[in-house]
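Novice: Below is the structure I would like to discuss, written out as C-alpha cells.
The values are calculated or read from the model by the stated rules, or taken from the named source; none is laboratory data. In this text the structure is predicted, and so the values were computed from the model without any measurement. Cβ coordinates were reconstructed from backbone atoms using ideal geometry, including for glycine residues, and neighbour counts include every protein chain displayed. Heavy atoms of the whole protein, side chains included, go into the accessibility calculation; ligands, DNA and RNA do not. Shrake-Rupley method; radii C 1.70, N 1.55, O 1.52, S 1.80 Å.
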Amino acid sequence: MPSNKSVSDAPIVQFTNCRILRDHQLQREDLWVREGKILNPEKLFFDEKGSADVQLDCRDSIIAPGFIDVQINGGFGVDFSLATDDFKSGIDLVSQKILSHGVTSFCPTLVTSPPSVYHQVLPQISVRNGGAHGAGILGAHLEGPFISKEKKGAHPEHCLRTFEAGAFQDLLVTYGSLDCVQIVTLAPEMRRSSEVIQELTKRGICVSLGHSVANLSQAEEAVQHGATFITHLFNAMLPFHHRDPGIVGLLTSDKIPAGRRVFYGMISDGIHTNPAALRIAHRAHPKGLVLVTDAIAGMGLAPGRHTLGQQVVEIDGLNTYIAGTKTLSGSVATMDTCVRHFQEATGCSVETALEAASLHPAQLLGIEHKKGTLDYDSDADFLMLNDSLYVQATYIAGEEVWRQDVLGM
C-alpha cells in the first residue's frame, strides 16, 4: 500500500457507501477525512500517492454538514439567562445533549436580562471547538434588552432599555463586554439604533432585527447600516400589511445593498408559524432561511413549569407560554425535528432542508469556509442521517461524538 507519511502521520478515514451533500446536491461518492478536515481525494491519490487507513461502511446513509443553531436559550433544565454558580457545567450539559439532535455548533442565547446577569454570564461563555465533550460554541446571541415594549413577547418589560445619548456606550455598559458576542438582536426603530448597528458591524458582530414595530423603511435603513439577520420571522414583529410589510418586507426588498443577503430565522416547530407562513417565506427568499430552535430550558424535559430568564414558563405539549398567559415563550423543539417539519411543510428537497440548518447559518456568520459545508478543507463536522432525516450519528472534526444505539435505529 502506498505510504501516507509524506504529508502527515495522521490516519485517513474513508466513509463509503453514502450520499454526500455537496454543491447543493446529494452525490453518491465517498467522504475522506484527515486531521479533522475534509480531504480532496484527487490530491491524496495523485499528489501524495496516499490511500485510506480506515474504511467505514455508511450503509447508504446521507452525510450532511452538522447543524448550526444560532438561537438556543437553553435546554435539559439549563437556562442560559440565569446567572448560576455552575453556569459552565450547564452549558457543557446542553452542548453534550444537542449532539444527538445533529447540532455540532451553536450560539447560546440570552433573553432580555438585568445588566448584572450579562456581567456574570458573558465572561463564562467562551468560543470553543466542538468534540466528544459537546457541540462547539460560536459565541453568544444577545436577544434584547434594546427591543420594543409593544413586541416584547416573553421578555420582561422591567428590563427593557433604550439607547440614550451614549448609544453604543449604553450597550457596552449594559452587556459589560462584547468579547464572546456573535449576534445582537435589537429593534431598529429605536432612536440612535443606526450608530449602534454600525459600531457592532464594525466589530464583526451580526446585527439581527427583532422584537420590533419597525416599518419597512426603518428595517431597510438598518440593513443599509449593516444588519443582516431577522430574529424569528413573523414572531414578535408587526404582521405583514400590503401597504407597509414591515420587517417581513425585507425578504423581497429592492433596497438591499448589492452583494448583501438578508437572512431570517424561523422556528419550524409547527407552533410558532403556520405551515402556510413557512411556505410563503421560503418561496419568497429560499436562500435566506435559517432554521433555529429558540429552545428553552424545558427542551428535553417533561411538561410543567420551567424558566426563561426572569420569567416562569409553562410547557403544555409542544406549546410553551409565560405562566398564566397565552404568550408564546420559545420552543421545546430540537433542531432535527425542525428540519423534518420544514421539509414536510414546504415540500422542499432534502438538500434544501438540510442546508437551512447548516449552510445558511454558516453563511450568516461568515464561517462557510469552514462550517456548514462538506467542501474540501472544511471542518469535518457532519451527520449520518436516514432517508427520513433522523440522525444516526454525529461527527465533529472527523470523530464520532454520538451514535444512535442499534436498537433505536
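This table checks each residue for (1) more than 24 Å from the chain's Cα centre (by Cα); (2) hydroxyl-bearing (S, T, Y); (3) in a helix (DSSP H, G or I).
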| position | (1), (2), (3) |
| --- | --- |
| S177 | no, yes, no |
| I197 | no, no, yes |
| S217 | yes, yes, yes |
| V223 | no, no, yes |
| N235 | no, no, no |
| L251 | no, no, yes |
| K255 | yes, no, no |
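Novice: Checking L172 against (1) outside any loop (DSSP other than H, G, I, E, B); (2) farther than 22 Å from L364 by Cβ; (3) open to solvent by less than 10 Å² (accessible area, probe 1.4 Å): exactly one of these is not met. Which one?
Specialist: Only one criterion is unmet by L172, namely (3).
Novice: Please find, among V121, V103, the residue that is outside the structural domain of N386 (by the TED database) and within 22 Å of G309 (Cα to Cα). I'd like the intermediate steps shown before the answer.
Specialist: Values: V103 fails: within 22 Å of G309 (Cα to Cα).
That would be V121, the only listed residue that is outside the structural domain of N386 (by the TED database) and within 22 Å of G309 (Cα to Cα).
Novice: Could you figure out which of (1) surrounded by 24 or more Cβ atoms within 10 Å (Cβ to Cβ); (2) at pLDDT below 95; (3) aromatic (F, W, Y) isn't true of F45?
Specialist: Answer for F45: the failing condition is (1).
Novice: Here is a list of conditions, (1) touching a helix residue (DSSP H, G or I) at 6+ places or on another chain (Cβ under 7 Å); (2) not in a helix (DSSP H, G or I), and D57 meets all of them except one; can you say which number that is?
Specialist: D57 satisfies all of (1) touching a helix residue (DSSP H, G or I) at 6+ places or on another chain (Cβ under 7 Å); (2) not in a helix (DSSP H, G or I) except (1).
Novice: Kindly list the number of the only condition in (1) touching a Leu at 6+ places or on another chain (Cβ under 9 Å); (2) modelled with pLDDT of 95 or more; (3) part of a loop (DSSP other than H, G, I, E, B) that fails for G298.
Specialist: It fails just one condition, (2).
Novice: What's the total number of residues in the range 324-340 that are in contact with a helix residue (DSSP H, G or I) (Cβ under 8 Å, 6 or more places away or on another chain) and open to solvent by 30 Å² or more (accessible area, probe 1.4 Å)?
Specialist: Qualifying residue count, the range 324-340: 2.
Novice: Okay, next question. Which residue out of G139, G131, G144, G90 is open to solvent by less than 30 Å² (accessible area, probe 1.4 Å), without any contact (Cβ under 8 Å) to a residue 24 or more places away in the chain and not acidic (D, E)? If you could, list the steps in order and put the result at the bottom.
Specialist: Working: G139 fails: without any contact (Cβ under 8 Å) to a residue 24 or more places away in the chain; G131 fails: without any contact (Cβ under 8 Å) to a residue 24 or more places away in the chain; G144 fails: without any contact (Cβ under 8 Å) to a residue 24 or more places away in the chain.
Checking each option against the conditions leaves just G90.
Novice: In the range 293-323, how many are in contact with a helix residue (DSSP H, G or I) (Cβ under 8 Å, 6 or more places away or on another chain) and either under 22 Å from V103 (Cβ atoms) or of a type in the set (D, E) (or both)?
Specialist: Quick first cut of the range 293-323, residues in contact with a helix residue (DSSP H, G or I) (Cβ under 8 Å, 6 or more places away or on another chain) only: 293, 300, 309-310.
Pick out the ones that are also either under 22 Å from V103 (Cβ atoms) or of a type in the set (D, E) (or both) and you get 293, 300, 309.
Qualifying residue count, the range 293-323: 3.
Novice: Return the pairs, sorted by first residue and then second, in which the second residue is among the acidic types (D, E), the first residue lies in the range 230-252 and is closer than 12 Å to T273 by Cβ, the beta carbons are less than 9 Å apart, and the residues are 6+ apart or on different chains.
Specialist: H232/D294; N235/D294
Novice: G166 is checked against (1) touching a residue at least 24 places away in the same chain (Cβ under 8 Å); (2) part of a loop (DSSP other than H, G, I, E, B) and fails just one. What number does that condition carry?
Specialist: (1)
Novice: Take H341 and decide whether it is at pLDDT 95 or above and either under 30 Å from L200 (Cβ atoms) or in the same structural domain as L31 (by the TED database) (or both).
Specialist: So H341 does not fit the description; no.
Novice: Just to check your reading of the model, which residue among T394, T327, T346 is hydroxyl-bearing (S, T, Y) and modelled with pLDDT under 95?
Specialist: T327
Novice: Being open to solvent by 10 Å² or more (accessible area, probe 1.4 Å), in a strand (DSSP E or B) and at pLDDT below 95 is the requirement here; does I271 meet it?
Specialist: Here the answer is no, as I271 does not meet what is asked.
Novice: Could you please give the count of residues in the range 100-140 that are closer than 14 Å to F80 by Cβ, assigned to a helix (DSSP H, G or I) and in contact with a helix residue (DSSP H, G or I) (Cβ under 7 Å, 6 or more places away or on another chain)?
Specialist: Going through the range 100-140 one residue at a time, the tally reaches 4.
Novice: Tell me, which residue of the range 236-247 that is touching a strand residue (DSSP E or B) at 6+ places or on another chain (Cβ under 7 Å) and of a type in the set (A, V, I, L, M) is nearest to G288 (Cα to Cα)?
Specialist: Applying the filter and picking the extreme gives I247.
Novice: Go through (1) surrounded by fewer than 17 Cβ atoms within 10 Å (Cβ to Cβ); (2) part of a loop (DSSP other than H, G, I, E, B); (3) touching a strand residue (DSSP E or B) at 6+ places or on another chain (Cβ under 9 Å) one by one and return the number of the condition P188 breaks.
Specialist: (1)
Novice: Show the residue pairs that are 6+ apart or on different chains and have beta-carbon atoms under 7 Å apart, the first residue being within the range 281-305 and closer than 16 Å to S95 by Cα, the second being modelled with pLDDT of 95 or more and charged (D, E, K, R).
Specialist: Listed by first residue and then by second, the contacts come to V292/D69; T293/D69; A297/D79; G300/K97.
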